[in-house]
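Quick notes on the structure that follows.
Throughout, read-outs are computed from the coordinates displayed, never taken from laboratory work. It should be emphasised that the depicted structure is a prediction, and the values quoted were computed from it without experimental measurement. Here the Cβ positions follow ideal geometry from the backbone for every residue, glycine too, while neighbour counts run over all protein chains shown.
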Amino acid sequence: MATEIASARGQLSPEARFLLLALPGALFVVTFLILPMLSILVFSFWRTESYNLIPEWSLDNYVVLFTTPTYMTFLLRSLLTAVAVSMVALIYSWPVAYFMAKYGGRYRLLLSLAVAAPFFTGVILRITGIQGIMGPVGLINMGLMNFGLPPISFLMYTPTAAAIGIAYLFIPFMVTAIYLSLLNFDFELLEVAKINGAKAWRAFFEVTLPLNWIGTIIGLVLVFVPALGDSITARFLGGPNAASFGQVLSLQFGETGTWALGSAMGVVLFLVSSFVIFLMWRSVNLRRSGFTGREG
Amino acid sequence: MADFVLELDRVTKRFGDVTAADDLSLQVAQGEFCALLGPSGSGKTTLLRIIAGLELPDSGRVLINGQDVTRLPPYARKVGMVFQNFLLFPHKTVAENVVFPLRMQGAPRERQKERLAWALKLLRLEGLEDRYPNQLSGGQQQRVALARGLIARPALLLLDEPLANLDRELRKEMEVEVRRYQVELTTPFIYVTHNQEEALTMSDRIAVMAKGRFEQVAPKLEVYTHPTSPFVAGFVGHSNKMSGRLTALDGSRARLDWQGVEIAVPSPARAGVGDRVDYFVKCEHMVLRSPNDPPEPELANRVPGVLRDVIFKGPNADYLARLDNGVELTVTDAVTMPSIRRDDPVHVAWAPEAGQCFAAAG
Amino acid sequence: MKAGELLARLIGGTLLLSLYLFLYAPIAYVIYVSFQKDLNWPFPPSWTLAHYAALGADQTYREGLWNSILLGLGSAVICTAVATMGSIAVLKYRSRWRALMVVIFLCPLFVADLLVGISNLLFNRQVLNLPGNMGSAMIGNAVHCTSFAFLIMLAQLSRYDWRLDDAAMVFGARPLRCFLEVTLPLIWPAMLGAFLVSFILAFNNLEISFYNLGAIPTLPTIAWGSLRFGLGGELFALAALVNGVVLGAFAVMYLLMRYRVVSFGHRE
């Protein structure tokens, strides 16, 4: 009897059980992502003096950021690159993902894993690979030189090279996101649309795209966020004329040690990417996307 | 000390605005087979989950063998349960599934073996011990679920639509079997179903539920023949519903103006002349007569119409008659009237007391 | 088959093939070059294992490998644990906090690696007064991987029937016993998937590790350092090795999924 009464205390409400399970992870993310992000927001209003943050409040960092033309150039360049890469990746990924999901048959698992796998090698080693192909002493240029031809100049330390590099790094995300969305899409709906007189392209825009729009948006976010914050690709593939905002940002935490200014740049970077994500999310109408509130 | 194995005392449970269990009280005695019958969303599964301890009621008490278990977690209640879709553990063999409750209770290995043999024999599962659930047929899975529910000699067994996913043939077979086990073991069964045939076939007593309330709790025959609410009258069995206003009230009989046709009905409680009432008559309590047949005094209601269709159902048939006021009545009768054809004029006749009359809601 | 559909197949197939070419040509070339004497123009081939020998002999790389493994394991343990609990909570229980929790768990997807790295660096230093070390790098990487682990768990567990837990509880299993006897044996493949993916991500991460590790080297940070001085032979060897291990891991995953041992959220 006594043990049974004691165990009655173990009868938690579903709400309590939910919180017991979800809170550790949520607190973890809050403590080590959201609080640090808030802390750099605070530091962005301070100033740095010989590698130390001094809590004197001012808007100086932002003034510097927005009045120095080079910073604005970096920001615009990063934004433009990110938008361009996302768009190209989007247009490229749709037919690829569609092909895998619809015609992949029993090979589609293999096909999709093969798209995702290269991502996991890590940024640096993947850039090593790209440099091996596209770099100044890479396969393409050395090949051209061996045949007495001039090197392709746009592959040598240009913004284009950096953009190709970013696309190389993150396109697996886009394809995978759209592919996973299409896996749950009932292709028979297309037949219904066609029987009711819709042409193929019409059926795509009226049925397929809206019902897979969330997956598409997720893919866009997964490509856009790292593309905008890129610092490594620009450094190793872009050269001096392709310096990205992220690259300059990381400088503030390296050689120059101007953490307050770096924090302000981080805040700007985060706000810009949040704003773009917000714009994308506004295009989502949960009810019309076939969202049921449950996975699967 | 306990007269009842299960007692529910004013159990109430709300989910947001929906009241799934509204002040429910019920007693179930040893050896009883009690069905909770209701349409989906009536709260019957919630009630079962409250008894099992899977939901906590907002108020009220649950007593098992006289002990208040309201706040006990499910694992301390020692009830058995058979779930919809069986819910066998897919990674455990038949034997491991069946013996699971005993292992959880920490029963000695000898006793586990002995009980397992007993349960496998009772449910004719010998030879299937080492199979996995996905290697079993629907009926076998069903019997494994029953064996698991019964092996630990639970105080009572809860069954949540256990036959809903079986095909018709198998369901008929299992209905008889489930009833047999219950009689053999005298363990009380609480059986949730939306299928009135199942409830009528197996149970001793039926609690009809709608919108979180008990509409009627009574022996099954009484529920069938003497429904005490318009919901039960409409839900159990197949009935014709006739709505209209009372035109006269005379002791136990009243007269109803049903869309222009005057019929005699038993006097409803709480309704006077001019009030709206609903009158339910089971289809098999009506008969078809030819217009030329002589009147029969006990079949006081006799209305003319035209036979519109006959739907054969084996030994019986449903005769659809369109009356002169345009309404259709369904009459279930033996297939003994080959002479009547579609579009023939017919009379539908029945005794007023064969049906129940209730004051219309609202 | 109609002409339109044939065309669609053709275009899709061609694009997919070109995607594979785009993705794998650098990898294939890296592996090829790693066995060549001449790194710049290795034609005709002259094979050697010298770069691997150099890599193996290099003390820093060995130290980096060990640190990366440690980092990967630590992060993977943390985020598999929180993602498993979080996904069970979200799928099993109804709560008015559910949407908020999902958003929090997905937050890391919206923050670039670089920002996770520098914000953790400053937060640890200024607010918590902690120097950069293995622990903070593990945590930073784990935060970043939590979303991925969470999504993998969600995809896999969405088909788990939580009423199995009800059944276990009714038959006398206490919550812990229920988890060990019923839930865990059925969800471990999802946890393994989440663990593997977060291990690989943390193992290979550059920016978060870089800003949180101080002077402690990991494979990616050493590779970064050496890439600044151009493509060295040991870098080719390292890239070839890591690619080989990752592709091998994926091949194993494919075989497991192909033969239905696990599904990692994939549906046929």
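Taking the Cβ of B:G234 as the centre, find all other residues whose Cβ is under 9 Å away and add up their charges (Lys, Arg: +1; Asp, Glu: -1).
Net charge in that neighbourhood comes out at 0.
Label positions at B:T247 and A:W201, each projected 7 Å from the Cα along the C-beta direction, are separated by 7.1 nm. Relative to the 2.2 N^0.38 Å rule of thumb, segment B:282-339 has a C-alpha radius of gyration ratio of 1.10. Evaluated on chain A, the Kirkwood hydrodynamic radius is 22.7 Å, with distances taken between all distinct Cα atoms. Net charge dipole, segment B:6-233: roughly 600 debye, given to the nearest 20, about the Cα centre with Cβ charges of +1 for Lys and Arg and -1 for Asp and Glu. Computed from Cα positions, the angle between helix B:109-122 and the longest principal axis of chain B comes to roughly 30 degrees. As a proxy for reagent exposure, C:C79, B:C283, C:C145 were ordered by neighbouring Cβ count within 10 angstrom, fewest first; the result is B:C283, C:C145, C:C79.
Helical content alone sets the calculated 222 nm signal of the protein assembly as shown at -16000 deg cm²/dmol, taking -39,500 (n - 2.57) per DSSP H segment of four or more residues and averaging over every residue.
Rounded, prolate or oblate, given the Cα gyration tensor of segment A:1-154, with a/c below 1.5 counting as rounded?
On the way: a/c = 2.89, a/b = 1.30, b/c = 2.22.
The shape class here is oblate.
Can you put C:S136, C:S198, C:S158 in order, fewest other beta carbons within 10 Å first?
Details: C:S136 24, C:S198 28, C:S158 14.
If I rank by nearby Cβ atoms, fewest first, I get C:S158, C:S136, C:S198.
What does the net charge come to around B:P291 if you take all other residues with beta carbon closer than 15 Å to its beta carbon, with K and R at +1 and D and E at -1? Write down the numbers at each step before the final one.
Numbers: positive: B:R289, B:R302, B:R322, B:R341; negative: B:D293, B:E296, B:D324, B:D343, B:D344.
Charge balance in the 15 Å sphere: -1.
Across chain A, the longest run free of exposed loop sites, meaning GluC sites (Glu not before Pro) lying outside DSSP classes H, G, I, E and B with no more than 11 other Cβ atoms within 10 Å, spans A:57-254.
Can you bin segment B:198-316 into rounded, prolate or oblate? Criterion: square roots of the alpha carbon gyration tensor eigenvalues sorted a ≥ b ≥ c, rounded for a/c under 1.5, prolate for a/b above b/c, oblate for the rest. Here segment B:198-316 falls in the oblate category.
Ranked by Cβ crowding within 10 angstrom, fewest neighbours first, how are A:V85, C:V102 ordered?
Working: A:V85 27, C:V102 18.
Going from sparsest to densest Cβ surroundings: C:V102, A:V85.
What is the list of residues in segment C:17-52 whose amide nitrogen lies under 14 Å from a point 7 angstrom out from the Cα of A:Y107, following Cα to Cβ? Taking a point 7 Å out along Cα→Cβ of A:Y107, the residues of segment C:17-52 whose backbone N falls under 14 Å are C:17-21. Measure out, as a whole number of angstrom, how far apart the alpha-carbon centroids of segment C:137-181 and segment B:57-91 sit. One Cα centre to the other: 23 Å.
Hydropathy first: keep DSSP H helices in chain A averaging at least 1.0 on Kyte-Doolittle, then drop any whose Cα extent along the axis falls short of 20 Å, and list what survives. Display every interim value, and only then the final one.
Numbers: long enough: A:14-29 (23 Å, 1.41); A:69-103 (50 Å, 1.10); A:159-183 (35 Å, 1.82); A:213-228 (22 Å, 2.38); A:259-282 (34 Å, 1.78).
Long hydrophobic helices here: A:14-29, A:69-103, A:159-183, A:213-228, A:259-282.
If you run the Gaussian network model on chain A, springs between alpha carbon atoms under 10 Å, then out of A:S86, A:S244, A:S50 the most flexible one is A:S50.
Output needed for segment B:236-285: three equivalent-ellipsoid semi-axes, defined as square roots of 5 times the C-alpha gyration tensor eigenvalues, in descending order, whole Å. Intermediate results must be reported in sequence, preceding the final value.
Details: eigenvalues 70, 27, 18 Å².
Each semi-axis is √(5λ); the values are 19, 12, 10 Å.
Distance between the modelled labels on A:T70 and A:M87, one decimal in nanometres: 2.9 nm (7 Å Cα→Cβ projection). Exposed loop sites were defined as trypsin sites (Lys or Arg not before Pro) in DSSP loop states (anything but H, G, I, E or B) carrying at most 14 other C-beta atoms within 10 Å; in chain B the longest segment without such a site runs B:125-269. Label positions at A:A16 and C:Y20, each projected 7 Å from the Cα along the C-beta direction, are separated by 5.6 nm. For chain C, the longest principal axis of the C-alpha atoms and the axis of helix C:3-33 are separated by about 60°. The charge dipole of the protein assembly as shown, taken about its Cα centre with unit charges on the Cβ atoms of Lys, Arg (+1), Asp and Glu (-1) only, comes to about 1100 debye.
Quick check: net charge around B:Y224, other residues with Cβ under 14 Å of its Cβ, Lys/Arg +1 and Asp/Glu -1?
Values: positive: B:R205, B:K220, B:K282; negative: B:E197, B:E198, B:D204, B:E215, B:E222, B:E284.
Net of charged neighbours comes to -3.
How large is the Rg to Rh ratio of chain B when both quantities use alpha carbon positions and Rh follows Kirkwood? Mind showing how you got there, number by number?
Values: Rg = 24.6 Å, Rh = 23.0 Å.
Dividing the radius of gyration by the Kirkwood radius yields 1.07.
Checking the cross-link pairs B:K92/B:K113; A:K199/C:K2; B:K13/B:K78 against a 20 Å limit on the alpha carbon distance flags B:K13/B:K78 as lying beyond it.
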